[in-house]
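Let me begin by presenting the structure, written as C-alpha cells, before commenting on it.
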Amino acid sequence: MMTRWTLGCDAADPHRLAEFWALALGYIPEPGYHEPDGALIVHPDGTGPAIGFLRVPEAKTAKNRMHIDIRVSGDPAGRERVIREKAAGLVEAGATVVREESYGGQFSHIVMFDPEGNEFCVA
C-alpha cells in the first residue's frame, strides 16, 4: 500500500512560494484550500506528494538540510540545453542561479535559490 505524504515548508510569503514551486514542478493549487497563512500545491493528476507552505515569522538563516532536485527529461545529448532552458525560466519566475556543477569535466546540474533563498538543483 502506498503512503501518501506532504512535504511541509516554512515561508515568509507562502502564496508567492507556492506559486513559484507550482510553476517549477507543474503543480496546481490544492482545490478548496484557501488559508491566508498557508498554501498547498498538488500534482494535477494526484500523483506525487503535496507540498504545503506555512507562514512563519522567522527568516531563513542556514542552508537547507533537504532540498528538491528538479530532474528534466530528454535524451542525454540535449540534456544540458534542457537544464539551461528550465533554469532560465525559473530565473524569470524569481529564482537565482548560484552555480553550475560539473563532474569529470561533464556538465551535471545548476544549483539555484528559490525566491526565499531555499537551495534546489535543476539536473
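Answer with yes or no whether D45 is under 24 Å from G89 (Cα atoms) and exposed (fewer than 14 other Cβ atoms within 10 Å of the Cβ). Criteria met by D45. For K63, the test of being of a type in the set (K, R) and not assigned by TED's automatic domain parsing to the domain that holds N118 is passed.
From the list R79, R16, R84, pick out the single residue that is outside any loop (DSSP other than H, G, I, E, B), modelled with pLDDT under 95 and surrounded by 14 or more Cβ atoms within 10 Å (Cβ to Cβ). Steps first, please.
Values: R16 fails: modelled with pLDDT under 95; R84 fails: modelled with pLDDT under 95.
It is R79.
Here I51 clears all of (1) under 19 Å from W21 (Cβ atoms); (2) not assigned by TED's automatic domain parsing to the domain that holds W21 except the condition numbered (2). Residues of the range 90-123 that are in contact (Cβ under 8 Å) with a residue 40 or more places away in the chain and not in a strand (DSSP E or B): L90, A93, G94, A95, D114, P115, E116, G117, N118, A123. Any residue in the range 22-41 that is within 26 Å of D69 (Cα to Cα) sitting within a Cβ distance under 6 Å of a residue that is among the hydroxyl-bearing types (S, T, Y) and part of a loop (DSSP other than H, G, I, E, B)? List the pairs, counting only those 6 or more apart or interchain. Qualifying pairs under 6 Å: L40/Y33; I41/Y27.
The values are calculated or read from the model by the stated rules, or taken from the named source; none is laboratory data. If you're wondering where the values come from, they're calculated on a predicted model, not measured in any experiment. Note that we place each Cβ from the backbone using ideal geometry, even for glycine, and neighbour counts take in every protein chain shown.
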